[in-house]
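Below is one structure, written out as structure tokens; the observations come after it.
FYI, it's all coordinate maths here, none of it is from the lab. Just so it is clear, the structure is predicted and the values come from calculations on it, not from any experiment. Using ideal geometry, Cβ is built from the backbone for each residue, glycine included, and neighbour counts are taken over all protein chains shown.
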Amino acid sequence: MNSNQYCVLYHSQIAPSAPISCVADIVKTARGFNKDHDITGILVFDGQRFFQYLEGPKEAVMGLVVSIAQDRRHVQFRLQHQGPSAEERMFRNWSMAYVLVDDSEPLADLHGIEGESAMDKLRSLIPMLDIA
Ligand SMILES: Cc1cc2nc3c(=O)[nH]c(=O)nc-3n(C[C@H](O)[C@H](O)[C@H](O)COP(=O)(O)O)c2cc1C
């Protein structure tokens, strides 16, 4: 395990005042910034809830999470997991994979859990997600 590789999983809800179109802006910003900072991951959105998993160098990931947590386009930010991650990334080909799900059922399962259980659930969801 490379000790500097770190990962974070959180969920939040789109702010009542934020237009749905802001999600496209978020993904665009994320793809540019994350690529430049060696961060990879996935953003899942179901029309109301966000789930995001980020992986990369610890300082870069934590710095980004601080700024994401303060972003007013979402509310009820809840960290579900953070910690060292395996050197082999889950999303090595994606500066920010994006999935819009129309069935919120799978995400509902991920909502109430934390820590390694949340990570296991995320891993089990990946094959079911139509990643774009
Ligand atoms: C749900 C959500 C996910 C986000 N994910 C990322 C991301 O992966 N990478 C990124 O650079 N910005 C992301 N952002 C945007 C950041 O919060 C912030 O706007 C961006 O880092 C620019 O910050 P600045 O305006 O303070 O420079 C996300 C925002 C939200 C609401």
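Points worth noting:
- Value of relative contact order over the chain, rounded to a whole percent, pairs C-alpha under 8 Å and six or more apart: 37
- In terms of other Cβ atoms within 10 Å, VAL66, VAL99, VAL8, VAL75 run from fewest to most in the order VAL66, VAL75, VAL99, VAL8.
- Listed residues GLN80, GLN48, GLN13, most fluctuating in the chain (Gaussian network, C-alpha, under 10 Å): GLN48
- Segment GLU116-ALA86, extension gain: residue separation times 0.36 nm, minus the distance between their alpha carbons: 9.5 nm
- Of PRO16, PRO106, PRO84, the one that fluctuates the most in a GNM where the chain has Cα springs shorter than 10 Å: PRO16
- Sites matching GluC sites (Glu not before Pro) across the range 1-96 that sit in DSSP coil, with at most 12 neighbouring C-beta atoms within 10 Å: GLU87, GLU88
- Stretch in the chain that is longest and holds no trypsin sites (Lys or Arg not before Pro) that DSSP places in a loop and that have at most 11 other beta carbons within 10 Å: 1-71
- All lysines inside 16 Å of LYS58 as judged from Cα atoms, apart from same-chain residues fewer than 8 positions distant: LYS35
- Alpha-carbon centroids, the range 45-101 and the range 4-27: separation in whole Å: 8
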